[in-house]
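Here is the structure we will look at.
The values are calculated or read from the model by the stated rules, or taken from the named source; none is laboratory data. Just so it is clear, the structure is predicted and the values come from calculations on it, not from any experiment. Glycine gets a Cβ as well: all are built from the backbone with ideal geometry, and neighbour counts include every protein chain shown. What goes into the accessible areas is simple: the full protein's heavy atoms, side chains included, and nothing from ligands, DNA or RNA. Shrake-Rupley method; radii C 1.70, N 1.55, O 1.52, S 1.80 Å.
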Amino acid sequence: MESRASRAHHENISASEQQTLLWEGVGAHNKIKGCPAHKDREWPTYAALMTDVAKSDYTHVLECPHDTVDKARIAPAEDTISKRSIFKKKETKIPSFCKSLCAHGVVCLAKMELFPNPPDNNDVAPYTGLLEPGQTVEHCLLRLSSAAKPPAKEMDSVMGRLVLGAVGGKLADAKLFPTAALKAFRGKGVRSGNLLFSGAKTGQPETDFFAHCLCTQVSEKVSRSLKPIIKKFYDYSENPLSLGVSDFCSYKQDGNITSSASDTEREIQFPYIVLLHPVYNFAKNSTEENEAELDIPFDSFLNDLLSIPNGSTLYNIFACPNPSSVLDATKLQRIGKIVSTSDMITSDPTDGLFFRHQKKEEDYALRPEWKKEVQAQCSSDGGKTKDSISKLAGWKMLEASIQEGKYVDFEKIAVTK
């Protein structure tokens with residue numbers, strides 16, 4: 001049976017109609033009897049997650065043009081996955097489109113408010129497509145999740161204790177693995193633009209989902225415990241931890257191409273990295289101060305996210321124009337913000353929501369000079385570790401640059417002009 005998103009793609013319906021169809025589809029899924037949204041959340045164990053990643057085929061996430069799919073990935077060996085191996089429960093079968101990474105989350109309608117391009121910003125051409133300055137991209141969908149359940153939460157099993165002893169370090173202290181996926185709909189049958197963001201690969205020790213920035217690029221500095229997972233993704237890309245941005249900037253929200261020039265590729269203007277800087281603050285209460293002493297499920301963060309009201313500003317959007325700008329805090333740009341336009345609702349592992357991943361090689365094909373720029377040396381820890389921009393650039397370096405306060409603030413400049 002053809003998916004709702006497939007029909008939207010073929011019928012060339014508007015961005016608004018596509019957004020409505022997908023939103024209503026998720027809402028209808030959540031009302032189905034037996035939907036995981038009505039049950040206790042089941043997360044893959046860390047050990048099962050590593051096994052599942054190693055056996056899965058991720059070609060689909062790089063190629064599928066649709067917004068929902070019947071198979072979000074290809075199941076290992078057969079069309080179903082043992083629920084015992086993934087969720088540590090009784091032996092039943094679950095569909096192969098059940099998400100293992102970012103299994104449970106919340107989703108909302110959203111808009112991107114992009115600030116005007118500063119008139120004296122002559123060093124960098126204005127971005128195009130869905131990042132074109134001075135517009136509001138009205139028809140978006142934002143999904144927030146944790147990539148995995150922290151290994152420390154598996155101490156109730158022998159296998160969990162073995163895994164935790166093996167991973168150690170920062171991963172053992174992780175409370176959350178925050179991720180965000182942004183989908184912006186486009187008209188005229190053009191596929192949606194998708195950007196995916198993540199934070200530290202080893203997770204964060206804070207329980208606040210909005211404690212740190214999320215980035216389209218993750219550093220390739222990895223602990224030994226994570227190398228089996230990362231190695232798998234090298235089968236699909238030479239830059240598996242850095243996602244492309246150029247497709248997001250190739251078409252406008254009405255579906256029109258960014259330029260009518262014959263040499264269209266050079267007319268597409270896009271940043272090297274996009275960064276989400278959280279601005280939303282949850283109301284504090286007395287229980288949070290003693291959270292460490294309470295037996296609170298790790299995924300209670302989803303309940304916090306579900307409480308976010310319509311109309312909330314969630315993130316500032318920052319951009320690194322090119323690889324060399326990673327090394328210069330004055331080149332970082334605050335270009336817009338993301339605002340929710342609905343309440344949050346549950347997004348479970350079987351709702352079929354799909355966010356296409358773009359290979360970084362597609363960006364380099366349009367900007368071949370960047371392949372040399374990314375070889376410049378940098379450090380994210382004060383010089384203790386040095387490697388190339390392509391290996392070390394990520395949320396940590398850029399969050400530190402934001403804290404310096406030297407970035408180009410498009411909104412502030414627009415107000416003062």
Search the stretch 36-47 for residues that are closer than 11 Å to Pro151 by Cβ and pair each with any residue that is open to solvent by 40 Å² or more (accessible area, probe 1.4 Å) and at pLDDT 70 or above when their beta-carbon atoms are under 7 Å apart and the residues are at least 6 apart or on different chains. Tyr46/Lys149
I'd like the residue in the stretch 345-364 that is open to solvent by 30 Å² or more (accessible area, probe 1.4 Å), in contact with a Leu (Cβ under 9 Å, 6 or more places away or on another chain) and not in a loop (DSSP other than H, G, I, E, B) and, out of all such residues, is modelled with the lowest pLDDT. Lys359
In the stretch 117-147, how many are of a type outside the set (Val, Ile, Thr), modelled with pLDDT under 95 and open to solvent by 10 Å² or more (accessible area, probe 1.4 Å)? 9
Across the stretch 59-86, which residue is nearest to the chain's Cα centre (by Cα) among those that are surrounded by fewer than 18 Cβ atoms within 10 Å (Cβ to Cβ), modelled with pLDDT under 75 and not charged (D, E, K, R)? His60
Return the residues of the stretch 365-409 that are of a type in the set (Phe, Trp, Tyr) and either modelled with pLDDT of 95 or more or more than 24 Å from the chain's Cα centre (by Cα) (or both); say none if nothing qualifies. Trp370, Tyr407
The stretch 220-251, subset at pLDDT below 85 and of a type in the set (Gly, Ala, Ser), residue surrounded by the fewest Cβ atoms within 10 Å (Cβ to Cβ): Ser223
Do any residues in the stretch 202-219 that are under 15 Å from Phe298 (Cα atoms) and at pLDDT 90 or above have Cβ atoms under 6 Å from those of residues that are open to solvent by 30 Å² or more (accessible area, probe 1.4 Å) and aliphatic (A, V, I, L, M), where the two are at least six apart or on different chains, and which pairs are they? Gln204/Ala211
Those residues of the stretch 302-338 which are out of contact with any strand residue (DSSP E or B) (no Cβ under 9 Å at 6 or more places or on another chain) and either crowded, with 22+ Cβ neighbours inside 10 Å or outside any helix (DSSP H, G or I) (or both), in sequence order: Ser307, Asn322, Asp328, Ala329
